[in-house]
Amino acid sequence: MILSFLRGLLGGRPLANSRPNPPTARPAPPASPNHPPQSLAVEPPKSASAAPKLSEPVVLSFRMTLDRPAPDAPNRLPQVEPIRRSRNESLAASSAAPLTLRQAGLGSPAQRRALRSIGIRTTDELLAADSVELAERLGLSPRAAATLRRWQRAIRLARLLPAMMPREALLLRAVHRKTLRSLANESPLRLRRDLQRYALSTAGARLLGDQPLPAVEQIRAWIETARRRTAARTSRSR
């Protein structure tokens with residue numbers, strides 16, 4: 001009764017606290033032979049294997065290992081190029097064994113064979129021998145004894161200057177630079193010019209053979225050493 005009275009006051013509107021009636025389900029239309037009933041079943045999701053495969057991303061892995069080199073890198077240490085010396089510096093540095101006459105550039109092959117036959121093979125053995133006696137043992141003329149003395153003086157001069165061979169000392173003696181004092185008063189360019197002129201002669205070409213002339217830097221080193229040794233001798237004599 002009270003509810004009917006309140007509805008009349010509100011004009012037939014439902015109360016706020018009243019719950020609306022749930023909608024009634026409509027009956028499904030009858031199936032006809034031309035239209036079969038549609039199934040409302042939900043299709044299951046396709047499996048992951050059936051999904052289209054995308055191109056897999058390429059992952060680049062940069063890994064540094066200390067115990068295993070890279071496959072492209074050669075398994076070896078970097079090559080260090082050795083310090084190269086000239087032939088004169090290499091022979092002068094090896095002071096353990098004396099120079100042979102062939103290494104010193106003294107004489108022809110026939111002359112060296114003749115000296116070897118009497119036991120003269122190195123520059124030390126040539127210095128220790130008497131030139132006149134050697135010439136007599138070989139049956140040579142006094143002129144050959146003078147040649148042997150010239151070789152001995154060239155060996156002594158070469159031992160006073162850095163990286164000089166007796167053959168180069170013979171070149172200096174041929175252009176009248178026979179002592180340290182005469183060499184100390186020279187200029188590198190003028191001495192090189194005189195050596196070039198001598199190399200054009202028959203005697204110079206025979207003495208040089210297939211060896212090149214000394215470079216200007218090498219001649220300058222000889223001159224500087226000759227000046228220092230000459231100055232030291234002068235100070236000691238005072």
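Can you work out the FRET efficiency for the pair I118 and S235, with r the C-beta to C-beta distance and R0 = 45 Å, to the nearest 0.05?
The computed FRET efficiency comes out at 0.55.
Can you give me the distance in nm between label points at E125 and S182, each placed 7 Å from the Cα along the Cα-to-Cβ direction?
Simple spin-label model gives 3.1 nm for this pair.
How high is the relative contact order of segment 109-238, in percent, counting Cα pairs under 8 Å that sit 6 or more residues apart?
20 percent
Could you give the nm distance between label points at E136 and R153, where each point is 7 Å from its Cα heading toward the beta carbon?
2.3 nm
How much FRET efficiency would the formula 1/(1 + (r/R0)^6) give for A205 and R227, where r is the Cβ-Cβ distance and R0 is 35 Å, rounded to 0.05?
Computed FRET efficiency for A205 and R227: 0.70.
Taking the Cα centre of segment 136-185 as origin, sum charge times position over the Cβ atoms of Lys and Arg (+1) and Asp and Glu (-1), and report the length of that vector in debye to the nearest 20.
Values: 12 positive and 2 negative charges, 24 e Å.
I would put it at about 120 debye.
Rounding to the nearest 20 debye, state how big the charge dipole of segment 162-238 is about its Cα centre with +1 on each Lys and Arg Cβ and -1 on each Asp and Glu Cβ. The partial results should precede the final answer.
On the way: 17 positive and 6 negative charges, 101 e Å.
About 480 debye.
None of the figures in this text is laboratory data; all of them are computed from the coordinates on show. Everything quoted here is computed from the prediction, not taken from an experiment. Because the Cβ atoms are built from the backbone with ideal geometry, glycine has one as well, and the counts that use them run over all protein chains shown.
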